[in-house]
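Read-outs throughout are calculated quantities, based only on the coordinates presented, and are distinct from any laboratory measurement. None of the values given here were measured: they were computed from a predicted structure. Every residue, glycine as well, gets a Cβ built from its backbone with ideal geometry; the counts of neighbours run over all protein chains shown.
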Amino acid sequence: MRRPTGCCPPTLRRDAILAVMARPSAALVLHGPNLNLLGTREPAVYGRASLADLDRLIARHGRQRGVRVVSRQSNVEGELVTWLQRAEREGFFGVVLNPGAFTHYSIAIRDAVAAIAVPVVEVHLSNVHGREEFRRTSVIAAVARGQIAGFGPTSYLLGLDALLALGTDGVPRARARPPGARSSR
Ligand code: DQA
């Protein structure tokens, strides 16, 4: 059978094309309680960027990777649970979640993350493991795909990249070989 011509640059690998075609193009970013106060809230810990600044940065990062990003913030536990439950139906391929203080005790958010098929990456602006004892426990981390903490706004960008590194089956794709490297097989 003849292959159709003129569709794609020959350098694009077939599986990469299929993965991009199969993946819905939007990611969901969820910010938990008090993150609406970013910019004025404990700037020594959380920096001077506002939530709007942070969302702009994440959206730009997504655009550079061909991904639309929808960001939402809530101080209400149930609202975050509902957004997680609806993520797949709304067509999101993954969620970057900063649960704020809910990280440390919300079994409802943990159960929502465990219940959904859409992969969730937990992120934190601050290094929660280097702060007060109670922040070192995350009830979410065990059911999230992973946790990124301590890089300020970059934690969210790394979280988005982590989602993009997952195949459509939710399994991390093998790292691309550097140009010129020989296959080990
Ligand atoms: C936070 C860390 C949490 O302990 C805290 O309650 C927050 C923000 C962070 O992004 O560093 O609200 O999730």
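Ranked from highest to lowest mean number of other Cβ atoms within 10 Å per residue, what is the order of the peptides 90-99, 150-159, 77-86? Walk me through the intermediate numbers first.
On the way: 90-99: 22.9, 150-159: 19.7, 77-86: 17.3.
Final packing ranking: 90-99, 150-159, 77-86.
Taking neighbour Cβ counts within 10 Å as the exposure measure, how do Val69, Val29 sort from fewest upward?
Lowest to highest Cβ neighbour count: Val69, Val29.
What FRET efficiency comes out for the pair Arg68/Ala114, r = Cβ-Cβ distance, R0 = 30 Å, nearest 0.05?
Values: r = 26 Å, r/R0 = 0.87.
Taking R0 as 30 Å, the efficiency between Arg68 and Ala114 is 0.70.
Counting each pair of different Cα atoms once, what's the Kirkwood radius of region 63-174 in Å, rounded to one decimal?
14.3 Å
Ranked from highest to lowest mean number of other Cβ atoms within 10 Å per residue, what is the order of the peptides 134-140, 116-122?
Top of the packing list down: 116-122, 134-140.
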